[in-house]
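Okay, so here's the structure we're looking at.
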2 protein chains.
Amino acid sequence: MNDKAKQWIDRYLDVYQLVTRRISAEMREHLGEDLTNDQFQVVRLINSMPQCTSSQLADTLAVGKSSITAIVNRLVDAGILYRTRDEADRRQVYLALTDYGTSIFESAQEQVRNIISPYLKHFEEKDIEMFISMFEKLGQLMQESGGRKN
Amino acid sequence: MNDKAKQWIDRYLDVYQLVTRRISAEMREHLGEDLTNDQFQVVRLINSMPQCTSSQLADTLAVGKSSITAIVNRLVDAGILYRTRDEADRRQVYLALTDYGTSIFESAQEQVRNIISPYLKHFEEKDIEMFISMFEKLGQLMQESGGRKN
DNA sequence: TGAAATAGTTTCATTATTGAACTATATGGC
DNA sequence: GCCATATAGTTCAATAATGAAACTATTTCA
(Lines give C-alpha, C1' and ligand atoms only; values in the text may rest on other atoms or scores of the structure.)
Protein backbone atom coordinates (compact mmCIF):
# COMPACT_ATOMS: atom_id res chain seq x y z
CA MET A 1 0.00 0.00 0.00
CA ASN A 2 1.39 3.41 -0.92
CA ASP A 3 1.60 6.43 1.37
CA LYS A 4 -1.13 8.28 -0.45
CA ALA A 5 -3.55 5.45 0.21
CA LYS A 6 -2.57 5.36 3.88
CA GLN A 7 -3.16 9.08 4.20
CA TRP A 8 -6.53 8.88 2.52
CA ILE A 9 -7.56 6.06 4.82
CA ASP A 10 -6.37 7.93 7.90
CA ARG A 11 -8.21 11.08 6.84
CA TYR A 12 -11.30 9.04 6.07
CA LEU A 13 -11.18 7.31 9.47
CA ASP A 14 -10.81 10.66 11.22
CA VAL A 15 -13.73 12.33 9.55
CA TYR A 16 -15.89 9.23 9.38
CA GLN A 17 -15.54 8.87 13.13
CA LEU A 18 -16.21 12.53 13.78
CA VAL A 19 -19.28 12.76 11.56
CA THR A 20 -20.75 9.45 12.67
CA ARG A 21 -20.32 10.33 16.33
CA ARG A 22 -21.80 13.80 15.98
CA ILE A 23 -24.81 12.58 14.05
CA SER A 24 -25.35 9.82 16.59
CA ALA A 25 -25.12 12.31 19.43
CA GLU A 26 -27.57 14.70 17.82
CA MET A 27 -29.96 11.89 17.05
CA ARG A 28 -29.71 10.58 20.62
CA GLU A 29 -30.55 14.04 21.82
CA HIS A 30 -33.43 14.77 19.46
CA LEU A 31 -35.02 11.36 19.03
CA GLY A 32 -35.77 11.54 22.73
CA GLU A 33 -37.46 8.69 24.54
CA ASP A 34 -39.18 7.23 21.52
CA LEU A 35 -36.39 5.54 19.57
CA THR A 36 -32.71 4.90 19.93
CA ASN A 37 -30.43 5.47 17.03
CA ASP A 38 -30.27 1.82 16.07
CA GLN A 39 -33.99 1.47 16.53
CA PHE A 40 -34.55 4.35 14.14
CA GLN A 41 -32.41 2.60 11.55
CA VAL A 42 -34.33 -0.64 11.99
CA VAL A 43 -37.72 1.01 11.85
CA ARG A 44 -36.66 3.00 8.83
CA LEU A 45 -35.64 -0.19 7.04
CA ILE A 46 -38.82 -2.04 7.93
CA ASN A 47 -40.84 0.92 6.74
CA SER A 48 -39.17 0.72 3.35
CA MET A 49 -39.17 -3.07 2.93
CA PRO A 50 -42.46 -4.80 2.26
CA GLN A 51 -42.62 -8.29 3.79
CA CYS A 52 -39.49 -7.59 5.77
CA THR A 53 -38.01 -10.57 7.64
CA SER A 54 -35.45 -10.86 10.43
CA SER A 55 -32.97 -12.53 8.13
CA GLN A 56 -33.16 -9.69 5.62
CA LEU A 57 -32.63 -7.18 8.41
CA ALA A 58 -29.68 -9.09 9.80
CA ASP A 59 -28.17 -9.23 6.35
CA THR A 60 -28.74 -5.55 5.62
CA LEU A 61 -27.44 -4.40 8.98
CA ALA A 62 -24.56 -6.87 8.97
CA VAL A 63 -25.35 -8.30 12.40
CA GLY A 64 -26.43 -11.69 13.69
CA LYS A 65 -30.04 -12.78 13.71
CA SER A 66 -30.15 -12.99 17.49
CA SER A 67 -29.37 -9.30 17.58
CA ILE A 68 -32.39 -8.61 15.41
CA THR A 69 -34.60 -10.76 17.62
CA ALA A 70 -33.59 -8.64 20.60
CA ILE A 71 -34.21 -5.32 18.88
CA VAL A 72 -37.50 -6.45 17.41
CA ASN A 73 -38.67 -7.76 20.79
CA ARG A 74 -38.11 -4.37 22.34
CA LEU A 75 -39.92 -2.62 19.51
CA VAL A 76 -42.83 -5.05 19.69
CA ASP A 77 -43.02 -4.51 23.46
CA ALA A 78 -43.11 -0.77 22.80
CA GLY A 79 -46.05 -1.20 20.43
CA ILE A 80 -44.07 0.01 17.43
CA LEU A 81 -43.82 -3.23 15.43
CA TYR A 82 -45.84 -6.39 15.05
CA ARG A 83 -45.00 -9.84 13.69
CA THR A 84 -47.05 -11.92 11.30
CA ARG A 85 -46.26 -15.46 10.32
CA ASP A 86 -46.34 -16.56 6.70
CA GLU A 87 -49.04 -19.24 6.43
CA ALA A 88 -47.48 -20.80 3.34
CA ASP A 89 -44.00 -21.09 4.88
CA ARG A 90 -44.46 -20.96 8.61
CA ARG A 91 -40.75 -20.42 9.27
CA GLN A 92 -40.98 -16.88 7.92
CA VAL A 93 -41.99 -14.03 10.18
CA TYR A 94 -42.83 -10.70 8.61
CA LEU A 95 -42.22 -7.45 10.45
CA ALA A 96 -44.32 -4.33 10.05
CA LEU A 97 -45.03 -1.01 11.72
CA THR A 98 -48.16 -0.48 13.79
CA ASP A 99 -50.06 2.77 13.32
CA TYR A 100 -48.41 4.05 16.45
CA GLY A 101 -45.03 2.94 15.10
CA THR A 102 -45.66 4.79 11.88
CA SER A 103 -46.42 8.01 13.69
CA ILE A 104 -43.34 7.63 15.90
CA PHE A 105 -41.22 6.93 12.85
CA GLU A 106 -42.50 9.86 10.87
CA SER A 107 -41.83 12.34 13.61
CA ALA A 108 -38.37 10.85 14.17
CA GLN A 109 -37.69 11.10 10.47
CA GLU A 110 -38.69 14.76 10.58
CA GLN A 111 -36.28 15.33 13.48
CA VAL A 112 -33.44 13.69 11.61
CA ARG A 113 -34.07 15.76 8.52
CA ASN A 114 -33.99 18.86 10.66
CA ILE A 115 -30.68 17.80 12.14
CA ILE A 116 -29.01 17.25 8.82
CA SER A 117 -30.55 19.81 6.50
CA PRO A 118 -28.78 22.88 7.94
CA TYR A 119 -25.46 21.45 6.81
CA LEU A 120 -26.61 21.19 3.21
CA LYS A 121 -26.73 24.95 2.89
CA HIS A 122 -22.95 25.13 3.00
CA PHE A 123 -22.49 23.11 -0.17
CA GLU A 124 -23.10 23.50 -3.88
CA GLU A 125 -25.85 21.30 -5.31
CA LYS A 126 -23.52 19.65 -7.79
CA ASP A 127 -21.02 18.90 -5.04
CA ILE A 128 -23.68 17.31 -2.87
CA GLU A 129 -24.80 15.22 -5.80
CA MET A 130 -21.25 14.14 -6.51
CA PHE A 131 -20.52 13.39 -2.86
CA ILE A 132 -23.58 11.23 -2.39
CA SER A 133 -23.04 9.45 -5.68
CA MET A 134 -19.52 8.51 -4.70
CA PHE A 135 -20.66 7.42 -1.29
CA GLU A 136 -23.33 5.29 -2.95
CA LYS A 137 -20.78 3.72 -5.24
CA LEU A 138 -18.68 2.85 -2.20
CA GLY A 139 -21.75 1.40 -0.54
CA GLN A 140 -22.50 -0.70 -3.57
CA LEU A 141 -18.97 -2.08 -3.70
CA MET A 142 -19.23 -3.00 -0.05
CA GLN A 143 -22.57 -4.64 -0.53
CA GLU A 144 -21.25 -6.76 -3.37
CA SER A 145 -18.20 -7.95 -1.49
CA GLY A 146 -20.09 -8.17 1.79
CA GLY A 147 -22.02 -11.02 3.28
CA ARG A 148 -22.19 -12.73 6.65
CA LYS A 149 -22.76 -16.35 7.31
CA ASN A 150 -24.30 -16.78 10.79
CA MET B 1 -37.28 21.94 3.49
CA ASN B 2 -37.57 21.18 -0.20
CA ASP B 3 -37.95 17.76 -1.78
CA LYS B 4 -34.44 17.75 -3.16
CA ALA B 5 -33.06 18.21 0.34
CA LYS B 6 -35.27 15.39 1.65
CA GLN B 7 -34.07 13.07 -1.07
CA TRP B 8 -30.45 13.88 -0.43
CA ILE B 9 -30.89 13.23 3.25
CA ASP B 10 -32.68 9.96 2.62
CA ARG B 11 -29.98 8.81 0.23
CA TYR B 12 -27.32 9.90 2.67
CA LEU B 13 -28.97 8.01 5.52
CA ASP B 14 -29.23 4.88 3.39
CA VAL B 15 -25.64 4.81 2.33
CA TYR B 16 -24.26 6.12 5.59
CA GLN B 17 -25.97 3.28 7.39
CA LEU B 18 -24.83 0.70 4.88
CA VAL B 19 -21.20 1.80 4.82
CA THR B 20 -20.95 2.28 8.57
CA ARG B 21 -22.43 -1.12 9.27
CA ARG B 22 -20.26 -2.93 6.75
CA ILE B 23 -17.08 -1.30 7.99
CA SER B 24 -18.04 -2.10 11.56
CA ALA B 25 -18.74 -5.71 10.63
CA GLU B 26 -15.45 -6.10 8.81
CA MET B 27 -13.57 -4.51 11.65
CA ARG B 28 -15.31 -6.74 14.19
CA GLU B 29 -14.26 -9.70 12.12
CA HIS B 30 -10.65 -8.72 11.51
CA LEU B 31 -9.74 -6.92 14.72
CA GLY B 32 -10.40 -10.20 16.43
CA GLU B 33 -10.06 -10.57 20.16
CA ASP B 34 -7.73 -7.65 20.67
CA LEU B 35 -9.91 -4.57 20.25
CA THR B 36 -13.53 -3.78 19.65
CA ASN B 37 -14.47 -1.20 17.11
CA ASP B 38 -15.00 1.53 19.66
CA GLN B 39 -11.84 0.57 21.46
CA PHE B 40 -9.90 0.92 18.23
CA GLN B 41 -11.29 4.42 17.80
CA VAL B 42 -10.35 5.36 21.35
CA VAL B 43 -6.87 3.91 21.12
CA ARG B 44 -6.36 5.57 17.77
CA LEU B 45 -7.31 8.94 19.27
CA ILE B 46 -5.09 8.51 22.30
CA ASN B 47 -2.23 7.53 20.05
CA SER B 48 -2.60 10.79 18.16
CA MET B 49 -3.22 13.12 21.12
CA PRO B 50 -0.30 13.88 23.41
CA GLN B 51 -1.41 14.40 27.03
CA CYS B 52 -4.85 13.06 26.22
CA THR B 53 -7.46 13.37 28.97
CA SER B 54 -10.85 11.73 29.52
CA SER B 55 -12.63 15.02 29.03
CA GLN B 56 -10.99 15.58 25.67
CA LEU B 57 -11.95 12.09 24.60
CA ALA B 58 -15.53 12.53 25.75
CA ASP B 59 -15.71 15.77 23.84
CA THR B 60 -14.18 14.36 20.67
CA LEU B 61 -16.32 11.23 20.70
CA ALA B 62 -19.46 13.11 21.72
CA VAL B 63 -20.23 10.85 24.68
CA GLY B 64 -20.41 11.33 28.43
CA LYS B 65 -17.36 11.08 30.63
CA SER B 66 -18.64 8.02 32.44
CA SER B 67 -18.63 6.22 29.15
CA ILE B 68 -14.95 7.04 28.73
CA THR B 69 -14.16 5.86 32.25
CA ALA B 70 -15.72 2.50 31.42
CA ILE B 71 -13.87 2.08 28.14
CA VAL B 72 -10.57 3.21 29.61
CA ASN B 73 -10.96 0.86 32.56
CA ARG B 74 -11.33 -2.08 30.23
CA LEU B 75 -8.30 -1.01 28.19
CA VAL B 76 -6.20 -0.50 31.32
CA ASP B 77 -7.24 -3.93 32.58
CA ALA B 78 -6.18 -5.37 29.23
CA GLY B 79 -2.75 -3.77 29.60
CA ILE B 80 -3.24 -1.52 26.58
CA LEU B 81 -3.42 1.88 28.30
CA TYR B 82 -2.06 3.42 31.47
CA ARG B 83 -3.07 6.52 33.42
CA THR B 84 -0.75 9.17 34.85
CA ARG B 85 -1.84 12.01 37.08
CA ASP B 86 -0.68 15.56 36.42
CA GLU B 87 1.35 16.63 39.45
CA ALA B 88 0.66 20.32 38.86
CA ASP B 89 -3.12 19.90 38.59
CA ARG B 90 -3.97 16.65 40.25
CA ARG B 91 -7.48 16.57 38.82
CA GLN B 92 -6.10 15.81 35.36
CA VAL B 93 -5.41 12.23 34.34
CA TYR B 94 -3.42 11.63 31.19
CA LEU B 95 -3.98 8.53 29.08
CA ALA B 96 -1.28 6.82 27.06
CA LEU B 97 -0.54 3.55 25.30
CA THR B 98 1.69 0.92 26.86
CA ASP B 99 4.26 -0.78 24.63
CA TYR B 100 1.91 -3.71 24.35
CA GLY B 101 -0.93 -1.30 23.50
CA THR B 102 1.16 0.27 20.78
CA SER B 103 1.86 -3.07 19.16
CA ILE B 104 -1.81 -4.06 19.35
CA PHE B 105 -2.82 -0.74 17.86
CA GLU B 106 -0.34 -0.90 15.02
CA SER B 107 -1.43 -4.30 13.93
CA ALA B 108 -5.09 -3.29 14.19
CA GLN B 109 -4.35 -0.20 12.12
CA GLU B 110 -2.73 -2.40 9.50
CA GLN B 111 -5.83 -4.60 9.44
CA VAL B 112 -8.10 -1.62 8.98
CA ARG B 113 -6.00 -0.26 6.15
CA ASN B 114 -6.22 -3.63 4.48
CA ILE B 115 -9.98 -3.64 4.86
CA ILE B 116 -10.45 -0.25 3.27
CA SER B 117 -7.71 0.01 0.68
CA PRO B 118 -9.21 -2.41 -1.86
CA TYR B 119 -12.13 -0.04 -2.34
CA LEU B 120 -9.86 2.82 -3.28
CA LYS B 121 -8.88 1.09 -6.51
CA HIS B 122 -12.34 1.68 -7.91
CA PHE B 123 -12.05 5.46 -7.80
CA GLU B 124 -10.09 8.21 -9.54
CA GLU B 125 -7.53 9.98 -7.38
CA LYS B 126 -9.10 13.37 -7.90
CA ASP B 127 -12.51 11.98 -6.96
CA ILE B 128 -11.16 10.47 -3.76
CA GLU B 129 -9.54 13.77 -2.91
CA MET B 130 -12.75 15.65 -3.57
CA PHE B 131 -14.84 13.18 -1.62
CA ILE B 132 -12.65 13.29 1.45
CA SER B 133 -12.35 17.06 1.31
CA MET B 134 -16.10 17.47 1.27
CA PHE B 135 -16.48 14.97 4.07
CA GLU B 136 -13.89 16.93 6.04
CA LYS B 137 -15.73 20.16 5.44
CA LEU B 138 -18.90 18.53 6.75
CA GLY B 139 -16.96 17.30 9.76
CA GLN B 140 -15.64 20.75 10.42
CA LEU B 141 -19.11 22.28 10.28
CA MET B 142 -20.34 19.69 12.72
CA GLN B 143 -17.44 20.26 15.05
CA GLU B 144 -18.11 23.99 15.11
CA SER B 145 -21.80 23.68 15.83
CA GLY B 146 -21.26 20.69 18.11
CA GLY B 147 -20.60 20.59 21.80
CA ARG B 148 -21.97 18.63 24.70
CA LYS B 149 -22.40 19.79 28.22
CA ASN B 150 -22.43 16.65 30.46
C1' DT C 1 -11.43 31.09 53.53
C1' DG C 2 -15.33 29.33 51.67
C1' DA C 3 -18.27 28.76 47.49
C1' DA C 4 -18.31 27.46 42.89
C1' DA C 5 -16.13 25.22 39.06
C1' DT C 6 -13.62 21.37 37.02
C1' DA C 7 -11.89 16.41 36.27
C1' DG C 8 -12.86 12.16 36.90
C1' DT C 9 -15.20 7.95 39.11
C1' DT C 10 -18.95 5.04 40.80
C1' DT C 11 -23.26 2.94 40.37
C1' DC C 12 -27.33 1.45 38.13
C1' DA C 13 -30.26 0.64 34.32
C1' DT C 14 -30.76 0.00 29.40
C1' DT C 15 -29.46 -1.30 24.76
C1' DA C 16 -26.78 -3.75 21.21
C1' DT C 17 -24.14 -7.37 20.16
C1' DT C 18 -22.05 -12.33 19.67
C1' DG C 19 -22.08 -17.27 19.70
C1' DA C 20 -23.86 -21.53 20.69
C1' DA C 21 -27.56 -24.37 21.51
C1' DC C 22 -32.21 -24.86 20.53
C1' DT C 23 -37.25 -25.29 18.15
C1' DA C 24 -40.01 -25.46 14.30
C1' DT C 25 -40.67 -25.94 9.58
C1' DA C 26 -39.52 -27.09 4.77
C1' DT C 27 -37.10 -29.62 1.10
C1' DG C 28 -34.91 -33.07 -1.57
C1' DG C 29 -32.78 -37.54 -2.52
C1' DC C 30 -33.64 -42.21 -2.42
C1' DG D 1 -43.28 -41.57 2.04
C1' DC D 2 -39.19 -40.89 5.08
C1' DC D 3 -35.16 -39.23 6.94
C1' DA D 4 -31.21 -36.09 6.56
C1' DT D 5 -30.26 -31.61 5.86
C1' DA D 6 -31.21 -26.87 5.29
C1' DT D 7 -33.55 -22.63 6.69
C1' DA D 8 -35.93 -19.11 9.88
C1' DG D 9 -36.14 -17.66 14.00
C1' DT D 10 -35.57 -17.74 19.31
C1' DT D 11 -33.32 -18.34 23.80
C1' DC D 12 -29.63 -17.70 26.87
C1' DA D 13 -25.39 -16.04 28.94
C1' DA D 14 -21.73 -12.94 28.54
C1' DT D 15 -19.67 -8.52 27.23
C1' DA D 16 -19.49 -3.68 25.69
C1' DA D 17 -21.19 1.05 25.24
C1' DT D 18 -23.94 4.42 26.97
C1' DG D 19 -26.61 7.99 30.00
C1' DA D 20 -27.86 10.03 34.28
C1' DA D 21 -27.22 11.17 38.78
C1' DA D 22 -24.64 11.19 42.79
C1' DC D 23 -20.18 11.33 44.39
C1' DT D 24 -14.78 12.53 45.49
C1' DA D 25 -10.89 15.22 44.86
C1' DT D 26 -8.85 19.26 43.47
C1' DT D 27 -8.49 24.02 41.94
C1' DT D 28 -9.94 28.77 41.36
C1' DC D 29 -11.55 33.01 42.66
C1' DA D 30 -14.20 36.58 44.99
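The values are calculated or read from the model by the stated rules, or taken from the named source; none is laboratory data. All values derive from a computational prediction rather than experimental measurement. Using ideal geometry, Cβ is built from the backbone for each residue, glycine included, and neighbour counts are taken over all protein chains shown. SASA here: full protein model, heavy atoms, side chains in, ligands and nucleic acids out. Shrake-Rupley method; radii C 1.70, N 1.55, O 1.52, S 1.80 Å.
Miscellaneous remarks
- Taking residues in region A:1-18 that are of a type in the set (Gly, Ala, Ser), and partners anywhere that are part of a helix (DSSP H, G or I), the pairs with Cβ atoms closer than 9 Å and at least 6 places apart or on different chains are A:ALA5/B:ARG113; A:ALA5/B:ILE116; A:ALA5/B:SER117; A:ALA5/B:LEU120.
- Subset of region B:14-36 (residues that are under 14 Å from the mean Cα position of the chain (by Cα) and either of a type in the set (Asp, Glu) or under 14 Å from A:GLN17 (Cα atoms) (or both)): B:THR20, B:ILE23, B:SER24, B:MET27
- A:ALA58 vs. criteria in a helix (DSSP H, G or I), open to solvent by less than 40 Å² (accessible area, probe 1.4 Å), over 16 Å from A:PHE40 (Cβ atoms) and not β-branched (Val, Ile, Thr): yes
- Per-region count, region A:75-98, residues touching a strand residue (DSSP E or B) at 6+ places or on another chain (Cβ under 9 Å) and either β-branched (Val, Ile, Thr) or within 11 Å of DNA strand C (Cβ to nearest atom) (or both): 10
- Tabulated pairs, region B:36-53, first under 14 Å from A:LEU13 (Cα atoms) and within 10 Å of DNA strand C (Cβ to nearest atom), second in a helix (DSSP H, G or I) and open to solvent by 30 Å² or more (accessible area, probe 1.4 Å), C-beta under 9 angstrom, 6+ apart or interchain: B:ASN37/B:ARG28
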